[in-house]
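The values are calculated or read from the model by the stated rules, or taken from the named source; none is laboratory data. What you are looking at is a predicted structure, and each value in this text was computed from that prediction instead of being measured. Positions of Cβ are backbone-derived with ideal geometry, glycine not excepted, and every protein chain shown enters the neighbour counts.
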Amino acid sequence: MQWNKIKLTFILAFLVLNVYLVIQLFPQEETEQIGLETETPASVLESVKGYSELSDEETETNQQYEATKMQFKKKELEELPGNMNFDINSGTELVATFEEPERLPVELPFDKDTTQSLDALNGFIEEYVLHGEDYTYWGRQGNKMLFFQETDKGQTYFSEDSLLMVTINEDYQVTGYTQTYIENFKKSENEKGWEVNHYSEKQAVKALTAKQYIERGDTIEVEKGFYPIIELSSKPNYTPAYKITVNDTKHYFYLMLPDNNPYIRQQTESAFISNLDLEKETETEDTQ
């Protein structure tokens, strides 16, 4: 009899404990669910560093741009130092090779935001590259240093037609470079009658946040420029773009296309260089 009372007491105690745990669990799950429901793009942007400084003024449009490829001439190359050999491929691509590797005036790797190092690198490029002052250093991937041309309308990004790609050896000495250059950069004629719309920096960032490319607490930087697009034309074509850098590691491009369907493109140095190498291999196979 005594044992039955003890057993009943244990059962009741466990029942009370289970009820208590259930009561504690349900409010917690409800609170977590409410937190998930309120994690909207707008609430995320409140914590994104750099967003409040952006402009919501619609300054960019979906108006397309075109250019012409510059034809390199041997006479122009005579202005450069004489310790290089030049090969002009199809007239619009220049391949330069140093007779002896040339030492860079900066130690690699270096912070491209450091003014002194960047000025020294720019000075080297201006000395050894035709129109070198028009190229902006992007970064390094392996033994390749990427520079993109800046036109009078703005900076271009990841275009094989406005590119300077410098090759270095294991001692961080320059062995040569490949160069392309564009001229007559201007707005294309709107032959199809596309409606011209305007876009803002904040609009671009909001679009990335909605796609979860930007998350709570991230740091962003936004710049305006031009990104290449493929058109059925012999001329290089570009579209206005916002370059959005997230945490100084990922680069996204918010492209304003003529059909009024903005497009988000993520680009990396390795993918860009791999595509260039693949195109050259294809061209070589076609000529054999």
Can you tell me which residues in the stretch 71-86 are farther than 29 Å from residue 186 by Cα and either outside any loop (DSSP other than H, G, I, E, B) or among the small types (Gly, Ala, Ser) (or both)? 82, 84, 85, 86
Exactly one of 195, 221 is assigned to a loop (DSSP other than H, G, I, E, B), surrounded by fewer than 19 Cβ atoms within 10 Å (Cβ to Cβ) and not assigned by TED's automatic domain parsing to the domain that holds residue 158, and that residue is 195
Counted residues, the stretch 139-183 - those being outside any loop (DSSP other than H, G, I, E, B) and either at pLDDT 95 or above or closer than 21 Å to residue 90 by Cβ (or both): 24
Mind listing whichever residues of the stretch 184-240 are among the aromatic types (Phe, Trp, Tyr), at pLDDT 95 or above and over 30 Å from residue 46 (Cβ atoms)? 185, 226, 238
With respect to the numbered conditions (1) under 27 Å from residue 249 (Cβ atoms); (2) outside any helix (DSSP H, G or I); (3) at pLDDT below 95, which one is the sole condition not fulfilled by residue 117? (2)
Answer residue from the stretch 225-264, given it is hydroxyl-bearing (Ser, Thr, Tyr), closer than 19 Å to residue 136 by Cα and in contact with an Asp or Glu (Cβ under 8 Å, 6 or more places away or on another chain) and is surrounded by the fewest Cβ atoms within 10 Å (Cβ to Cβ) among those: 245
Of the residues 112, 69, 73, which single one is among the basic types (Lys, Arg), under 20 Å from residue 174 (Cα atoms) and out of contact with any His (no Cβ under 6 Å at 6 or more places or on another chain)? 112
Picked from the stretch 60-84 (must be among the polar types (S, T, N, Q) and surrounded by 12 or more Cβ atoms within 10 Å (Cβ to Cβ)), the residue farthest from residue 235 (Cα to Cα) is 61
The residue from 68, 136, 97 that alone is assigned to a strand (DSSP E or B), under 28 Å from residue 249 (Cβ atoms) and among the β-branched types (Val, Ile, Thr) is 136
Is it fair to say residue 107 is more than 23 Å from residue 243 (Cα to Cα), at pLDDT 95 or above, of a type outside the set (A, V, I, L, M, F, W, C) and surrounded by fewer than 16 Cβ atoms within 10 Å (Cβ to Cβ)? no
Consider residue 201 carefully, then state whether it is crowded, with 16+ Cβ neighbours inside 10 Å, in the same structural domain as residue 252 (by TED's automatic domain parsing) and acidic (Asp, Glu). yes
